[in-house]
Amino acid sequence: MIRIGVLALQGAFLEHQAILKHLGAETFQIRKPKDLERKIDGLVLPGGESTAICKLLIDLDMMNQIKSKIQDGLPVFGTCAGLIILAKRVKNKSVPGLETMDIECVRNAYGRQLGSFRATSQFEKFGKIPMVFIRAPYITWAGRGVEILAEVDGKIVAARQKNQLVTAFHPELTDNPTVHRYFLEKMVKK
Ligand code: GLN
């Protein structure tokens with residue numbers, strides 16, 4: 001059985017666990033350094049508040065451990081705040097993140113009025129899927145080797161670089177499992 005660790009310091013981690021479980025994976029909450037010693041096949045960084053999550057990762061002394069696992073090839077999927085934490089460059093950021101993925105993003109990119117909205121757009125070649133955005137970032141630059149998987153209104157909202165997958169939206173807050181299935185089948189199982 002595939003074993004996925006879900007970072008559970010803050011934010012929407014339960015929803016990720018539910019959808020992964022529905023797809024047949026086993027999930028574990030990662031809350032402290034010791035949890036990272038368990039064997040996992042993939043890691044999910046949920047949405048929430050990237051500043052709070054990064055502060056906790058630093059205070060709990062987990063930032064470097066997670067970073068080296070990703071650099072060693074552990075498949076990782078970051079949604080919303082998770083995207084911000086993985087991005088090498090972030091506009092409006094106050095706390096350093098993992099910074100492992102060659103993308104630049106803007107936090108709270110849609111401003112206050114458009115803080116939350118829904119859209120439907122193509123995800124890679126898997127058809128149109130519902131996308132829920134909550135005070136979301138979008139990607140303003142993607143380096144070579146970064147594959148663009150989805151765009152909404154000309155803005156990049158999903159991308160992949162080898163073992164790293166990010167979405168600006170929250171697929172775990174819809175009942176459409178396309179993105180999680182992509183993560184499990186194309187990146188974790190290989
Ligand atoms: N605005 C949040 C941040 O900057 C992200 C929002 C989310 O994860 N839904 O971290």
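So if I place +1 on the C-beta of Lys and Arg and -1 on the C-beta of Asp and Glu, and nothing else carries charge, what would the dipole magnitude of the stretch 113-174 be about its Cα centre? I want it in debye, nearest 20.
80
Using just the helices of the chain, give the 222 nm mean residue ellipticity in deg cm²/dmol: DSSP H runs with n ≥ 4 each add -39,500 (n - 2.57), and the total is spread over all residues, rounded to 500. Mind dumping the intermediate values first?
Working: 5 runs with 40 residues, N = 190.
Mean residue ellipticity at 222 nm (helix-derived): -5500 deg cm²/dmol.
Could you list, in their original order, any pairs among 34/125; 34/128; 32/155; 69/155 whose Cα atoms are separated by more than 32 Å?
Values: 34/125 38 Å; 34/128 39 Å; 32/155 35 Å; 69/155 29 Å.
As for pairs spanning more than 32 Å Cα to Cα, those are 34/125; 34/128; 32/155.
How large, in percent, is the carbon and sulfur part of the accessible surface of the chain at a probe radius of 1.4 Å? Don't skip to the answer; put the middle values down first.
Details: 4240 of 8830 Å².
Carbon and sulfur together cover 48 percent of it.
For the stretch 91-190, compute the orientation-averaged projected area of the C-alpha convex hull (one quarter of its surface), in nm².
Computing the convex hull of the Cα atoms and averaging its projections yields 6.7 nm².
With only alpha-carbon pairs counted, each pair once and no self-pairs, how large is the Kirkwood hydrodynamic radius of the chain in angstroms?
On the way: mean 1/r = 0.0620 Å⁻¹.
Kirkwood radius, the chain: 16.1 Å.
Near the amide H of residue 169, under 5 Å away, which other amide H atoms are found, from residues 5 or more places off or on another chain, if H is placed in the peptide plane?
Those qualifying (amide H under 5 Å, at least 5 residues apart or on another chain) are 80.
Using alpha-carbon pairs under 8 Å, 6+ residues apart, how would you state the relative contact order of the chain in percent? If you can, show how the numbers build up before the last one.
Numbers: 410 pairs, mean separation 35.2, N = 190.
Relative contact order comes out at 19 percent.
The values are calculated or read from the model by the stated rules, or taken from the named source; none is laboratory data. Computed from a predicted model, the values in this text were never measured in an experiment. Don't worry about glycine lacking a Cβ; one is built from the backbone with ideal geometry, like all the others, and counts go over all protein chains shown. With ligands, DNA and RNA removed, areas are computed over all heavy atoms of the protein, side chains included. Shrake-Rupley method; radii C 1.70, N 1.55, O 1.52, S 1.80 Å.
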